[in-house]
Amino acid sequence: MASHARAASPLRRLRSALGRMGREAALYPSMVRIGTGPRLAILPSESREGASLLRGYNMATALRHHGWQTLVLPAQLALPQRTRVLERFRPDLVLVQQARHPFNRAAHLGRWPLVLDIDDADFLDPALEPELTALLALARGAVCGSRFIRDWAAQHTRATRIVWTGTPISPGPWPDHAARRPLVTWAQLGPEGYRDELAIVAEVMADVGRRRGGVDLRLYSLSGPRDLPELVQMQDAGVRIEFLPRLGYDAYLASLREAAVGLSAIASGTGFGRGKSFGKILGYLDAKVPIVCSDAADHALFFREGTGIVSNAPDVWVDAVCALLDDPARRTAMSEAAHADFRTRLSVDAAAARLHDFLSELLVPVARAAT
């Protein structure tokens, strides 16, 4: 078995190298210059999922409608490959997503016109804070996912702009709320890793179970034991808990359309919770699920009366969940109003328009020979 594992390792390395070569080769046809718009290279920190998808790949596509020529460099590329691609593309701006990727660092990017995109409070990590500060010292400005992040970035760069993470809007039709069962969801992947938030959800749902009964809670991608004290607390109060595995994004969005209420808890007193933005709320809005969320991040700036419940008071959450579960018409009205705001303020198009305006302000065109 050991010899087999040793034999497999070179094969995996070969496959990885071939994959990187293929990814680089696939970029060159898209570098053919079309039109006269400015060139933007985007350097995601991770593979094509999460923030790298929403704030990277999706923005690249949407910005083309604003006249930008965009290119996303896959996170899998080796450093020499990234350098070759950037030298060939000759970007007017390079949008660097965070500093989690080992090559998204000032030491490797000092020669390029940089803009830093920060959508999480990575600066609270002692290992990443110096890297982000160094990038900001070189950058023309920072794109920030929330007020909390903007306030930190403004200490290190003069130009900042809040751009909330947007997401594509899925097509309808959506299930009628009158047909949805009393299912509440907290769509936090790996909830066992968010014990402060899980405690908030457990307190609220236990009270809902005792007051109302007949309620289900859906959790996603629980990898730990199912006898956590918070889960037992809810089950003892009569809450039926469903466990779904980690799903592909389309399947995840489809599953949310079954929910009657969506919870978004943020324990924002300390730590990384202060840097959170809309996260799972985007999925709820897309699925037309009424939302009960913490008064944290920028939630209160988006939700208005009649579009969602924003509070840090457990009693307010309990009252809201019970009232919504008992009133499909209210759920419909709230989710439709929130969905309308979602289209105008948290869609990919809305985020791209705001990003376009900011990047245009930072743009100093690079002189090039004709190609």
- [ ] Would you please give the residues with an amide H less than 5 Å from that of Thr167, counting only those at least 5 places away or on a separate chain, with H modeled from the backbone geometry?
- [x] Ser347, Val348
Task: Charge tally in the Cβ shell below 14 Å around Gly172, where Lys, Arg are +1 and Asp, Glu are -1, Gly172 excluded - done: 0
Open item on the list: Over the Cα atoms, compute the radius of gyration (one decimal) and Dmax (the largest Cα-Cα distance, rounded to a whole number) for the stretch 72-142, in Å.
Closed with: 11.7, 35
Task: Heavy-atom accessible area per residue - the stretch 128-279, 1.4 Å, Å² - done: 43
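Which order do the peptides 243-253, 65-75 take when ranked by the mean count of other beta-carbon atoms within 10 Å per residue, highest first? Mind showing how you got there, number by number?
Details: 243-253: 12.9, 65-75: 19.6.
The peptides rank, most packed first, as 65-75, 243-253.
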Open item on the list: Please give the charge dipole size of the chain, origin at the Cα centre, charges +1 on K and R Cβ atoms and -1 on D and E Cβ atoms. Round to the nearest 20 debye.
Closed with: 1840
Task: Mean Cα-pair separation over length for the stretch 275-371, i.e. relative contact order, pairs under 8 Å, 6 or more apart, % - done: 26
Open item on the list: Can you compute the modelled spin-label distance between Met31 and Ala127, with each label point 7 Å from Cα toward Cβ, in nm?
Closed with: 3.3
- [ ] Collect residues whose amide H, placed 1.01 Å from N in the peptide plane, falls under 5 Å from the amide H of Gly141; neighbours closer than 5 in sequence don't count.
- [x] Leu116
TODO: Could you size up the charge dipole of the stretch 66-138 around its Cα centre, putting +1 on the beta carbon of Lys and Arg and -1 on that of Asp and Glu, and report it in debye to the nearest 20?
DONE: 540
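How big, in percent, is the set of alpha carbon pairs in the chain lying more than 36 Å apart? Numbers along the way, then the final one.
Details: 20808 of 68635 pairs.
Counting pairs separated by more than 36 Å, the tail of P(r) holds 30 percent.
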- [ ] Rank Gly67, Ala320, Ala296 by how far each Cα sits towards the positive end of the charge dipole of the chain (+1 on Lys, Arg Cβ; -1 on Asp, Glu Cβ) and give me just the farthest.
- [x] Gly67
TODO: Divide, for the stretch 220-340, the radius of gyration over alpha carbons by 2.2 N^0.38 Å, where N is the residue count.
DONE: 1.08
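So if the hydrodynamic radius of the stretch 271-371 is defined as the Kirkwood radius over C-alpha pairs, what does Stokes-Einstein give as its diffusion coefficient at 4 °C and 1.567 mPa s, in µm² per second? Let's see the in-between values first.
Numbers: Rh = 15.7 Å.
Roughly 82 µm²/s, to the nearest whole number.
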Open item on the list: Taking R0 as 35 Å, what FRET efficiency do you get between Arg84 and Ser360 from their Cβ-Cβ distance, rounded to the nearest 0.05?
Closed with: 0.80
Open item on the list: Charges at C-beta only: +1 for Lys and Arg, -1 for Asp and Glu. How large is the resulting dipole of the stretch 206-326 about its Cα centre, in Debye rounded to 20?
Closed with: 200
Task: Local net charge near Leu18, Cβ-Cβ under 15 Å (Lys/Arg +1, Asp/Glu -1) - done: +4
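How big is the equivalent ellipsoid of the stretch 274-315 along its three axes, where each semi-axis is √(5λ) from the Cα gyration tensor, reported in whole Å from largest to smallest? Could you put the intermediate results ahead of the total?
Values: eigenvalues 45, 35, 18 Å².
Calculated on Cα positions only, the semi-axes equal 15, 13, 10 Å.
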- [ ] Report, to the nearest whole %, how much of the accessible area of the stretch 222-371 belongs to carbon and sulfur atoms, 1.4 Å probe, protein only.
- [x] 53
- [ ] Give me the net charge of Val318's neighbourhood, meaning all other residues with Cβ under 11 Å from the Cβ of Val318; Lys, Arg count +1, Asp, Glu -1.
- [x] -1
- [ ] Calculate for the chain the 222 nm mean residue ellipticity that helices alone would give, adding -39,500 (n - 2.57) per DSSP H run of length 4 or more and normalising by residue count, nearest 500 deg cm²/dmol.
- [x] -12500 deg cm²/dmol
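Can you pull the percent of Cα pairs in the stretch 1-121 with separation above 22 Å? Before the final figure, lay out the partial values.
Values: 2719 of 7260 pairs.
Of all Cα-Cα distances in the stretch 1-121, 37 percent exceed 22 Å.
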TODO: Please report the base-10 log of the normalised intensity I(q)/I(0) for the stretch 199-243, using a Debye sum with one equal scatterer per alpha carbon and no solvent, at each q in 0.14, 0.22, 0.24, 0.30 (1/Å).
DONE: -0.27, -0.66, -0.78, -1.15
Open item on the list: Given contacts defined as C-alpha pairs under 8 Å and at least six residues apart, what's the relative contact order of the chain, whole-number percent?
Closed with: 15
TODO: Give the whole-number value, in cubic angstrom per residue, of the convex hull volume spanned by the C-alpha atoms of the stretch 69-222.
DONE: 178
- [ ] Compute the projected area of the convex hull of the Cα atoms of the stretch 153-233, averaged over all viewing directions, and report it in nm² to one decimal place.
- [x] 9.3
Task: 4 °C / 1.567 mPa s Stokes-Einstein diffusion coefficient of the stretch 27-69, Kirkwood radius on C-alpha pairs, µm²/s - done: 117
- [ ] Just tell me the longest site-free run in the chain, where the sites are GluC sites (Glu not before Pro) in a DSSP loop having at most 13 other beta-carbon atoms within 10 Å.
- [x] 50-304
Task: Residue-span extension gain [Arg195 to Glu242] - 0.36 nm each, minus C-alpha spacing - done: 15.1 nm
Task: Candidates Ala178, Ala51, Ala41: whichever shows maximal mean-square fluctuation once the chain is modelled as a Gaussian network with Cα springs under 10 Å - done: Ala178
- [ ] Could you look at the stretch 106-207 and say what percent of its accessible area is carbon and sulfur, using a 1.4 Å probe and all protein chains?
- [x] 52
Task: Relative contact order (%) - the stretch 52-179, alpha-carbon pairs under 8 angstrom, separation at least six - done: 18
- [ ] Any chance you could list the semi-axes, whole Å, largest first, of the equivalent ellipsoid that the Cα gyration tensor gives for the stretch 234-299, using √(5λ)?
- [x] 22, 17, 12
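The values are calculated or read from the model by the stated rules, or taken from the named source; none is laboratory data. Everything quoted here is computed from the prediction, not taken from an experiment. With ideal geometry, Cβ positions are generated from the backbone for all residues, glycine too; neighbour counts draw on all protein chains shown. Remember, those area values only see protein heavy atoms, side chains included, never the ligands or the DNA or RNA. Shrake-Rupley method; radii C 1.70, N 1.55, O 1.52, S 1.80 Å.
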